[in-house]
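A.B. asks: Before I ask anything, here is the structure I am working with.
The values are calculated or read from the model by the stated rules, or taken from the named source; none is laboratory data. Model, not experiment: these values are computed from the prediction. In this analysis, Cβ positions are derived from the backbone assuming ideal geometry, glycine residues included, and neighbour counts consider all displayed protein chains. The accessibility values were calculated without ligands, DNA or RNA, using every heavy atom of the protein model including side chains. Shrake-Rupley method; radii C 1.70, N 1.55, O 1.52, S 1.80 Å.
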Amino acid sequence: MPVSSLGNILLIDDNPKLIKDTLPMYGYHTDCAENGILGLEFLEKNYQNIDLVLLDIMMPKMDGWETLKRIRENKKFNTIPVIMLTAVDEDYKQISGLKIGADDYIVKPFILPNLLARIEALIRRSRWGKDKDNKSFPTKETIENVGKLTQRELEILKMVSAGATNADIAEKLFVKEVTIKTHLNSIYKKLNVENRVQAVLLALETEIINK
């Protein structure tokens, strides 16, 4: 298969035309599979050349969730970064996907610069991770430099990572929902992220919620 210095992407999507036509214009070699079964078969044969998988959730024969599970269970290619493509912007579903092994999410219809930035960041981070001597990969110390979370913020972040909504957390902590929103905004600022999904992803990567 052809290769690109920027990255080789496997797009698993039953309606791939837009992304398939767009990514090569920005230097990415893109192969396509119309469902999870075909995607897994392609990975078995070509995983050494794939830098990232773009995986649609709603597909025939095998949906994105099951495909993601199969990818993470396969020792040959379970470390390949996966960005999920979803038409549903629901935090709790996205957080559940992070626990299965998703690396990021793009909600359709996506904004092209956002998609390209996330692809570039994940491929770069994956390549950093393969270089054991590279010190740029995020660590606990990096997060502490951004800002130390309070015990209450850590508690809230742990509940968010378990899929709890703001209302669930407020009820458990006997506070108003607006108070939880205030805490979350503080967490986002300290971790330098934009939303709860990114906060959970960073927390899982750096293990700050396991301290």
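A.B. asks: Looking at (1) buried (at least 18 other Cβ atoms within 10 Å of the Cβ); (2) of a type in the set (A, V, I, L, M, F, W, C); (3) touching an Asp or Glu at 6+ places or on another chain (Cβ under 9 Å), find the lone condition where Leu68 falls short.
C.D. replies: (3)
A.B. asks: Considering segment 99-115 alone, what residues qualify as being among the hydroxyl-bearing types (Ser, Thr, Tyr) and part of a helix (DSSP H, G or I)? Write out each step before concluding.
C.D. replies: Residues of segment 99-115 among the hydroxyl-bearing types (Ser, Thr, Tyr): 105.
Matches in segment 99-115: none.
A.B. asks: Among the listed residues Gly36, Gly7, which satisfies the condition of being at negative phi and touching an Asp or Glu at 6+ places or on another chain (Cβ under 8 Å)? Walk me through how you get there before you give the answer.
C.D. replies: Values: Gly7 fails: at negative phi.
Criteria check complete, one pass: Gly36.
A.B. asks: Here is a further query. When segment 63-88 is examined, which residues are found to be of a type outside the set (Phe, Trp, Tyr), part of a helix (DSSP H, G or I) and under 21 Å from Gln198 (Cα atoms)?
C.D. replies: Those that are of a type outside the set (Phe, Trp, Tyr), part of a helix (DSSP H, G or I) and under 21 Å from Gln198 (Cα atoms): Gly64, Leu68, Lys69, Arg72.
A.B. asks: Would you tally the residues in segment 166-185 being at negative phi, of a type outside the set (Asp, Glu) and open to solvent by 60 Å² or more (accessible area, probe 1.4 Å)?
C.D. replies: The total comes to 6.
A.B. asks: Continuing with this model, one more query. Look through segment 1-21, keep the residues that are at pLDDT 85 or above and in a loop (DSSP other than H, G, I, E, B), and return whichever of them is most open to solvent (accessible area, probe 1.4 Å).
C.D. replies: Among residues in segment 1-21 that are at pLDDT 85 or above and in a loop (DSSP other than H, G, I, E, B), the one most open to solvent (accessible area, probe 1.4 Å) is Asn15.
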